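The values are calculated or read from the model by the stated rules, or taken from the named source; none is laboratory data. Bear in mind that the values here come from a model prediction, so they are computed numbers and not experimental data. Cβ sites come from the backbone with ideal geometry, for glycine too, and all protein chains shown count toward neighbours.
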Amino acid sequence: MEESDKIWAAIISVIAGAGTLASIFINLGIAGPIIGVIAGSVVTYFVQNRTQRRSWKRDFIIKNIDTIYGPLYNASLKIETTLLDIENTRSYLELPKNAWDEIQNSYTYHMIDDVELRKETEYFYIIIQSFNDLCYYARRRSSEIVQKRGSEFYSLNVKNIYYFNKKDGSQSSPVIVNCILFKTHPKDVLEKTDEIEISIEHQVNNTLPRITFDSIEKIREFDDLWKQMVDDVKQDPKLQQLEALKLQIHTKNLEIRQKLVKRINERHNL
């Protein structure tokens, strides 16, 4: 029972008590109808007031679901989908946060009545922003590693490296800068084959010619370069942080979504 309901219940009790006391001193035939009218009016007002407050509460909850908890739930699903895409494509993608940005920068932010959930969501999206910032860093840093280590290894001004399956003839190469971030050797991305071809794109003046290797010796040499590049990734604290944030976001996203479901289900409990 809400505080206002307790007050009205107390008022009705007082009226009933007063009616009993009055009947002792006043003619019951006179006091009864008067007290009945007063009590009836109070009860009617009490019921109408309670019904109105329930209606307002229901409208408020529905509005919050439509403008806050529903959009955040949908955003949570998009975040989960993007995390899966990151794993499947072995490429760091920015996570969507526009739904929270819209809420945080409008009046709806002040309608979030669950203070704990609001603080938790704020912190969650701070983590997501940190992750997104590091995604940009990761793409730039992995490219630097490939160019620096590749140039040292092949004594060329290396700009990119391509790793092909000669057998299928598609000339489709895994993205090396992404592979090293996920520590996934390009040969594990391609269909298993012994016919590998490596193409080294390097800069000569304003041109980007390629040198291609396909001998077993050169393929094995690439594995030495691969280890150097992966070691650079492992030793970079920001790239380590990026991996840790990815796991943290996955866990926290599930926790928040469960709480959002609970708030959305309040509609059915009214």
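Taking into account only those residues within the stretch 173-194 that are at pLDDT below 90 and among the hydroxyl-bearing types (Ser, Thr, Tyr), which is surrounded by the most Cβ atoms within 10 Å (Cβ to Cβ)? Step by step, filter the stretch 173-194, then rank; the result is 173.
Residues in the stretch 247-265 that are among the hydrophobic types (A, V, I, L, M, F, W, C) and either surrounded by 11 or more Cβ atoms within 10 Å (Cβ to Cβ) or touching a Phe, Trp or Tyr at 6+ places or on another chain (Cβ under 6 Å) (or both): 249, 254, 256, 260, 261, 264.
Selection of the stretch 61-103 for residues being polar (S, T, N, Q), modelled with pLDDT under 90 and surrounded by 14 or more Cβ atoms within 10 Å (Cβ to Cβ) yields 64, 67. Selection within the stretch 196-246: residues that are among the acidic types (Asp, Glu) and surrounded by 12 or more Cβ atoms within 10 Å (Cβ to Cβ). The member of this set that is farthest from residue 172 (Cα to Cα) is 236. Residue count for the stretch 120-139 satisfying the condition of being surrounded by 19 or more Cβ atoms within 10 Å (Cβ to Cβ) and of a type in the set (A, V, I, L, M): 3.
The sole residue among 219, 200 that is part of a strand (DSSP E or B) and not assigned by TED's automatic domain parsing to the domain that holds residue 84 is 200. Please go through the stretch 75-111 and pick out each residue that is within 21 Å of residue 173 (Cα to Cα) and in contact with a Ser or Thr (Cβ under 7 Å, 6 or more places away or on another chain). Result: 90, 93.
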